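J.: Mind having a look at this structure? Questions to follow.
The values are calculated or read from the model by the stated rules, or taken from the named source; none is laboratory data. Because the structure is a prediction, the values reported are computed rather than measured. Using ideal geometry, Cβ is built from the backbone for each residue, glycine included, and neighbour counts are taken over all protein chains shown. The area values use the complete protein model at the heavy-atom level, side chains included, leaving out ligands, DNA and RNA. Shrake-Rupley method; radii C 1.70, N 1.55, O 1.52, S 1.80 Å.
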Amino acid sequence: MKEVRLFLISFISVALLAGCEWGLEPENDNHSAFDRVFEDPSFAEGLLIRSYIYLPTNDYRFDEPATDDAVTNDLVNSYLRIAKGEWTALYNPQNLWDNCNRGILYANQFLDIVEMINWKPTDKEINDLFIRRLTGEAYAIRGIMKYYLIRNHAGPGASGKLMGIPIYDKFLENEDFFKPRDGFAESVQSAYNDFDKALACLPADYGNVSVVPDRFGEVKDAYSYNYVMGDATQQRISGRHVKAFRARLALLEASPAFNLNNDVSLWEKAANMTAELLNDIDGVNGNDPMGHQFYLKTQIDNGNLTANDKKDQPEMLWRRPVTSGRTWETNNFPPTLYGNGRINPTQNLVDAFPMKNGYPIHNPQSGYNPDKPYENRDPRLALYIIHDGSTFKSAKINTGVGAGDNGLNAKVNSTRTGYYLKKLLREDVNVNPASVQDQQHIVTHIRYTELFLNYAEAANEAWGPVSSSTHAYSSKDVIAAIRKRAGIDQPDEYIAAITTKEEMRELIRNERRLELCFESFRFWDLRRWKADLNEPARGVRIENGAYNYFTVEERTYDNSYMHYGPVPYNEALKYGLEQNAGWGN
């Protein structure tokens, strides 16, 4: 035993004297350093994929409780809090500054290295095609991120000048973040520049071809083109998607909150950019007959979920990969169906749905019966909202006082307005803990119905209800087609009687409210229109057969400055950024 101990001591002594690393120096870990992007293309592409991850449209925000369209029974909900007066530069659930700038920085870092990567070292033609496509994607994502930053954070600064965002067009070192905000016009132009660069690189759509498109004339054969731009690339951002976001930016630029002098040329630009996409699907004739039901089982099952959106899902301009789950249903089913009943549509929204004959319910020609308020209504009301007496999952839902767990304020997870959410939910999902069943869902980045509504708004402001410049359809034509699809009786006498831009504007805004409800548009639509933000959220109390309407929640916004979101307080403080007027510091 003594000899063994002496041997070990001698061994360690020799090791120390020899400078042996065994057991004394740490082994190299297996963490990847940045240099690995040059060795492994998948790591390089990961920088771009990180940008995709930060897209705000990767899920629905369900921010309607911050508007007059909904309330929530979750009394600590962040959107409810800002609606009731807590919105500040320090507390801002609508803050996209951090994530969008992260997306921009990852895109910039990727652009710095994209041409240095051996995407396909054995084939130069394919390698060059990868560089072209991935470069286009990076510019496209950067432009989209700028759009959202402008929408959420642009506004008049303390100086009165309309301000945009700091423009980051390169990967930044620490000192580079001390960059002032650029003006609104410069910020918008920067996003347009990114979209133009993306369009120079990307095909209109991805998919296998037998003949290489003319604008890729440098490619010798279809094999190389299909290898990079073919079917396997579906759901990546394409030229068509870029044009859609470019047109969306143009509508924002033309809107009253930013178009302070009502420059009609900006409305014309927005209409023309949108028409470029609509003309490619035959204008109004390309309106998907089932587009307003895009989230239901039949539409999801009928769509080819891996193929070209334009061909196989005509409503889906760009969507997320289809996912399976039950989160939305768990959150929003009524209590008797094991849901939490979170999003409660308001009476305000219900009243916005016209009668089936197309007339608003307050119009004398509507035929509205206040004792039977849900009869003969626009079919979209029953499609999107559960009201008293609705049948849902083969069960009758009663929402009146004393109607059981689904009744008004019966439990903590019961409705506060007399209504439950139906849109975006699938009835074939089961959230009963004893027999849960998931189903497929679609999250849209942008869909054609929005583009039709964008065109209608811009065309009406540019040319009026019935003129269309050089396009084959007018603002009124588009809205008439959307209402016909919804099930409004034909002929639509109400829209036929509209003759003025002002009447048409009111109808377009209402149709937008209905068609895009619960898709996170209302909050920013009200702001870009500079509309009143303080319409109280109302509900209905049904008791002994009587319908009594009441205020559920007041809205507490300051209309003098809250049409524009703030720059985050910490960012303004750290980097000396000019804050939007009214938001402090």
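J.: Scan the stretch 23-44 and give yes if some residue there is at pLDDT 95 or above, open to solvent by 80 Å² or more (accessible area, probe 1.4 Å) and outside any loop (DSSP other than H, G, I, E, B), otherwise no.
T.: Within the stretch 23-44 (the criterion being at pLDDT 95 or above, open to solvent by 80 Å² or more (accessible area, probe 1.4 Å) and outside any loop (DSSP other than H, G, I, E, B)), the answer is no, since none of the residues qualifies.
J.: How many of the residues making up the stretch 217-258 are part of a loop (DSSP other than H, G, I, E, B) and under 15 Å from the mean Cα position of the chain (by Cα)? Step through it out loud before you land on a result.
T.: Step one: of the stretch 217-258, the residues part of a loop (DSSP other than H, G, I, E, B) are 217-221, 230, 234-238, 255-258.
Pick out the ones that are also under 15 Å from the mean Cα position of the chain (by Cα) and you get 237.
Residues in the stretch 217-258 being part of a loop (DSSP other than H, G, I, E, B) and under 15 Å from the mean Cα position of the chain (by Cα): 1 in total.
J.: Within the stretch 251-283, count every residue that is within 12 Å of Tyr448 (Cβ to Cβ) and buried (at least 19 other Cβ atoms within 10 Å of the Cβ).
T.: Number satisfying all stated conditions: 4.
J.: Residues of the stretch 83-110 being more than 22 Å from Phe178 (Cα to Cα) and aliphatic (A, V, I, L, M), which ones?
T.: If the condition is that a residue be more than 22 Å from Phe178 (Cα to Cα) and aliphatic (A, V, I, L, M), then Ala83 is the only one that fits.
J.: Under the condition of being at negative phi, small (Gly, Ala, Ser) and at pLDDT 95 or above, which residue from the stretch 449-473 is surrounded by the fewest Cβ atoms within 10 Å (Cβ to Cβ)?
T.: Residues of the stretch 449-473 at negative phi: 449-463, 465-468, 470-473.
Those left that are additionally small (Gly, Ala, Ser): 456, 458-459, 462, 467-468, 472.
Among the residues that remain, those that are also at pLDDT 95 or above are: 456, 458-459, 462, 472.
Values: Ala456: 30, Ala458: 27, Ala459: 31, Ala462: 22, Ala472: 13.
Here the residue is Ala472.
J.: Could you run through the stretch 474-490 and say how many residues are crowded, with 19+ Cβ neighbours inside 10 Å, assigned to a loop (DSSP other than H, G, I, E, B) and not polar (S, T, N, Q)?
T.: Of the residues in the stretch 474-490, 1 are crowded, with 19+ Cβ neighbours inside 10 Å, assigned to a loop (DSSP other than H, G, I, E, B) and not polar (S, T, N, Q).
J.: Another question, if that's okay. Can you pull out the residues in the stretch 328-353 that are open to solvent by 10 Å² or more (accessible area, probe 1.4 Å), part of a helix (DSSP H, G or I) and either of a type outside the set (Gly, Ala, Ser) or free of Cβ contacts under 8 Å to residues at least 12 places away in the same chain (or both)?
T.: Those that are open to solvent by 10 Å² or more (accessible area, probe 1.4 Å), part of a helix (DSSP H, G or I) and either of a type outside the set (Gly, Ala, Ser) or free of Cβ contacts under 8 Å to residues at least 12 places away in the same chain (or both): Trp328, Thr330, Asn331, Pro335, Thr336, Leu337, Asn348, Asp351.
J.: Residues in the stretch 522-529: is at least one closer than 21 Å to Ala382 by Cβ and open to solvent by less than 50 Å² (accessible area, probe 1.4 Å)?
T.: Going residue by residue through the stretch 522-529, those that are closer than 21 Å to Ala382 by Cβ are 522.
Imposing the further condition that a residue be open to solvent by less than 50 Å² (accessible area, probe 1.4 Å) reduces the set to 522.
Yes, there is a match, as at least one residue in the stretch 522-529 is closer than 21 Å to Ala382 by Cβ and open to solvent by less than 50 Å² (accessible area, probe 1.4 Å).
J.: Among the residues of the stretch 527-549, write down those that are of a type in the set (A, V, I, L, M) and more than 10 Å from Asp69 (Cβ to Cβ).
T.: Initially, the stretch 527-549 is screened for residues of a type in the set (A, V, I, L, M), giving 531, 533, 537, 540, 542, 546.
Hits for the stretch 527-549 are Ala531, Leu533, Val540, Ile542, Ala546.
J.: So Ile167 passes all but one of these: (1) in a helix (DSSP H, G or I); (2) within 24 Å of the chain's Cα centre (by Cα); (3) within 20 Å of Leu111 (Cβ to Cβ); (4) of a type in the set (A, V, I, L, M). Which condition number does it fail?
T.: Of (1) in a helix (DSSP H, G or I); (2) within 24 Å of the chain's Cα centre (by Cα); (3) within 20 Å of Leu111 (Cβ to Cβ); (4) of a type in the set (A, V, I, L, M), only one is false for Ile167: (1).
J.: Can you go through Asn108, Asn99, Asn92, Asn127 and tell me which one is within 26 Å of His445 (Cα to Cα) and more than 20 Å from the chain's Cα centre (by Cα)?
T.: The match here is Asn108.
J.: Need pairs with beta-carbon distance below 8 Å; first residue at pLDDT below 90 and within the stretch 289-303, second in a helix (DSSP H, G or I); sequence gap 6+ or separate chains.
T.: Gln299/Gln293; Gly303/Asp312
J.: Does Asp194 satisfy being surrounded by fewer than 21 Cβ atoms within 10 Å (Cβ to Cβ) and assigned to a helix (DSSP H, G or I)? Show your work before the answer.
T.: Working: surrounded by fewer than 21 Cβ atoms within 10 Å (Cβ to Cβ): no; assigned to a helix (DSSP H, G or I): yes.
Considered against the rule, which asks whether it is surrounded by fewer than 21 Cβ atoms within 10 Å (Cβ to Cβ) and assigned to a helix (DSSP H, G or I), Asp194 comes out as no.
J.: I've got another one for you. I need a count of the residues in the stretch 534-585 that are within 30 Å of Thr415 (Cα to Cα), touching a residue at least 60 places away in the same chain (Cβ under 8 Å) and among the hydrophobic types (A, V, I, L, M, F, W, C).
T.: So the answer is 5.
J.: Now a separate question. Of the numbered conditions (1) at positive phi; (2) small (Gly, Ala, Ser); (3) surrounded by fewer than 18 Cβ atoms within 10 Å (Cβ to Cβ), Gly418 fails exactly one; give the number of that condition.
T.: Every condition holds for Gly418 apart from (3).
J.: Looking at the stretch 140-159, is at least one residue surrounded by fewer than 17 Cβ atoms within 10 Å (Cβ to Cβ) and more than 21 Å from Thr233 (Cα to Cα)?
T.: The answer is yes, given that some residue of the stretch 140-159 is surrounded by fewer than 17 Cβ atoms within 10 Å (Cβ to Cβ) and more than 21 Å from Thr233 (Cα to Cα).
J.: Moving on to the next point. I'm checking my understanding of the structure. Among residues of the stretch 84-110 that are part of a loop (DSSP other than H, G, I, E, B) and open to solvent by 50 Å² or more (accessible area, probe 1.4 Å), which one is nearest to Trp583 (Cα to Cα)?
T.: Filtering first and then ranking leaves Thr88.
J.: Then there is this: How about the stretch 62-81: which of its residues are assigned to a loop (DSSP other than H, G, I, E, B), in contact (Cβ under 8 Å) with a residue 12 or more places away in the chain and either at positive phi or open to solvent by 10 Å² or more (accessible area, probe 1.4 Å) (or both)?
T.: Result: Phe62, Asp68, Asn73, Asp74, Asn77.
J.: Here's something else I'd like to know. Residues being closer than 17 Å to Tyr384 by Cβ and in a loop (DSSP other than H, G, I, E, B): count how many of those fall in the stretch 514-544.
T.: 6
J.: For the stretch 408-419, check the following and say yes or no: at least one residue is free of Cβ contacts under 8 Å to residues at least 12 places away in the same chain, farther than 24 Å from Pro345 by Cα and in a loop (DSSP other than H, G, I, E, B).
T.: No; the residues of the stretch 408-419 include none that is free of Cβ contacts under 8 Å to residues at least 12 places away in the same chain, farther than 24 Å from Pro345 by Cα and in a loop (DSSP other than H, G, I, E, B).
J.: Would you be able to say whether some residue in the stretch 117-138 is surrounded by fewer than 19 Cβ atoms within 10 Å (Cβ to Cβ), β-branched (Val, Ile, Thr) and not in a helix (DSSP H, G or I)?
T.: For the stretch 117-138, residues surrounded by fewer than 19 Cβ atoms within 10 Å (Cβ to Cβ), β-branched (Val, Ile, Thr) and not in a helix (DSSP H, G or I): present.
J.: While we're here: What are the pairs with Cβ atoms under 6 angstrom where one residue, in the stretch 439-468, is farther than 19 Å from Glu315 by Cβ and part of a helix (DSSP H, G or I) and the other, located anywhere, is small (Gly, Ala, Ser) and open to solvent by 10 Å² or more (accessible area, probe 1.4 Å)? Sequence gap at least six, or different chains.
T.: Trp463/Ser469
J.: One residue is enough: does the stretch 198-208 have a residue meeting the conditions open to solvent by 60 Å² or more (accessible area, probe 1.4 Å) and either assigned to a loop (DSSP other than H, G, I, E, B) or without any contact (Cβ under 8 Å) to a residue 60 or more places away in the chain (or both)?
T.: The answer is yes, given that some residue of the stretch 198-208 is open to solvent by 60 Å² or more (accessible area, probe 1.4 Å) and either assigned to a loop (DSSP other than H, G, I, E, B) or without any contact (Cβ under 8 Å) to a residue 60 or more places away in the chain (or both).
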